[in-house]
Amino acid sequence: MPRPLSQRATARRVSPNATSAQRSWVQRGAAVLGATVLGLGVAGSVAMTGNAQHAGTGSTGQLPAPSSPATPSVSTSVAPGVKIPTSFDRRAQAVSRSNFRPALAVDQVAAQRATQLSSAGERVQQTAQSKAILKREKSLSKAAQATQKKNKELKAEAAEKKRQERIERERAKERAEQRERARERAKRAAELAKRERERANRPSLPVTSGYRIAARFGDTGSWSRYHTGIDFSAPMGTTVKAIAGGVVTHAGSGSESWAGNYVTVRHSDGKSTLYAHMSTVSVNEGERVSGGDRVGAIGMTGRTFGPHVHVELYPAGVKPGDPYEAVNPSPWLRDHGLKL
């Protein structure tokens, strides 16, 4: 489509022979055009230009001639094939800023509304994001607190387990020590029992120190027609011991007045020993004694001429007391490793 010339170019090409009426019309058109341009601004100018082109060019693209009979003809010089209007035409429809204000106001309200909606949407989105972040932070905080609580519980369980294990080790150690102490006590008890048995089986002379043999078995004299035992002479109160272990069958005075206070002991081989003339008796009938145990003290009870203990030995099955049933104790003493 050929490019139309601008209004200024067209105006410059008007012939200098135009009348004063033509100059007046041109001035009025320029004034109207200037007022329109100043009123509408950039957007109105664009819209008006489009409307003017659509209304004035027609199908040929040429501006129509003015309807006034006084419109002068204008000669132009343009490129071949391009038609230029001879004069400016008054627009059929007046263009004013008021025609565009409603549309502009609606557009501005819509734009403001869209901006407000966009801002509101952004605020809603930001609020939702903030709430989501807070919710996430709370969830993470709760998770962290739960983790810390679980860790504390696990640490407490581990500490309690270690404490229980330590207590169990201490108890096990204490039980082991108790067993060891029990074994030691049993061992000591066994040793004591062994020594007791050895001591029970260890014979002893009736008097172990500070004595002399005053008479032996079979001796005779003014004091006896036939001596039936062995006399151990010692000071009053000297301890008298059992020769060997056995059971006490008599303790104290009895029908044998000649013996005074006496003790008889039946030994494991069935034989019995008699200890006469004692001042005191230290055992009871039925009591078990061991060799070397105290059975009494030297005295002068019964028929005697001085402080001593008269010792007799009776064969198995013979009741002690009848001195003529007694046997010589010397061989029996030697059999037990005792020497006078």
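The values are calculated or read from the model by the stated rules, or taken from the named source; none is laboratory data. The model shown is predicted, which means the values in this text are computed figures rather than measured ones. Heads up, the Cβs are rebuilt from the backbone with ideal geometry, glycines too, and the neighbour counts pull from every protein chain shown.
Quick notes
- Selection within region 310-340 - surrounded by 15 or more Cβ atoms within 10 Å (Cβ to Cβ) and within 14 Å of ILE213 (Cβ to Cβ): HIS310, VAL311, ASN328, PRO329, SER330, LEU333, LEU338
Results for (1) surrounded by 10 or more Cβ atoms within 10 Å (Cβ to Cβ); (2) within 30 Å of SER233 (Cβ to Cβ); (3) at pLDDT 95 or above, shown as yes or no for each residue.
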position: SER130; (1), (2), (3): yes, no, no
position: GLU137; (1), (2), (3): yes, no, no
position: ALA143; (1), (2), (3): yes, no, no
position: ALA146; (1), (2), (3): yes, no, no
position: LYS162; (1), (2), (3): yes, no, no
position: ALA193; (1), (2), (3): yes, no, no
position: ALA200; (1), (2), (3): yes, yes, no
position: SER209; (1), (2), (3): no, yes, no
position: ALA215; (1), (2), (3): yes, yes, no
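- Taken together, the residues in region 290-340 that are under 13 Å from TRP258 (Cα atoms) and free of Cβ contacts under 8 Å to residues at least 12 places away in the same chain amount to 1.
- Residue within region 289-299 that is closer than 17 Å to ILE213 by Cβ, in contact with a strand residue (DSSP E or B) (Cβ under 8 Å, 6 or more places away or on another chain) and either outside any strand (DSSP E or B) or small (Gly, Ala, Ser) (or both) present: no
- Checked against (1) closer than 21 Å to GLY321 by Cβ; (2) in contact with a His (Cβ under 7 Å, 6 or more places away or on another chain); (3) of a type outside the set (A, V, I, L, M), SER233 passes all but a single condition, namely (1).
- For GLY270, the conditions (1) surrounded by 14 or more Cβ atoms within 10 Å (Cβ to Cβ); (2) assigned to a loop (DSSP other than H, G, I, E, B); (3) not aliphatic (A, V, I, L, M) are fulfilled apart from (1).
- ALA276 touching a helix residue (DSSP H, G or I) at 6+ places or on another chain (Cβ under 6 Å) and either within 21 Å of ASP322 (Cα to Cα) or surrounded by 24 or more Cβ atoms within 10 Å (Cβ to Cβ) (or both): yes
- Test for SER272: is it at pLDDT 95 or above and of a type in the set (S, T, N, Q): yes
- Residue in region 251-260 that is buried (at least 17 other Cβ atoms within 10 Å of the Cβ), in contact (Cβ under 8 Å) with a residue 12 or more places away in the chain, in a strand (DSSP E or B) and not small (Gly, Ala, Ser) present: no
- Condition check for VAL265: assigned to a strand (DSSP E or B) and over 16 Å from GLY306 (Cα atoms): yes
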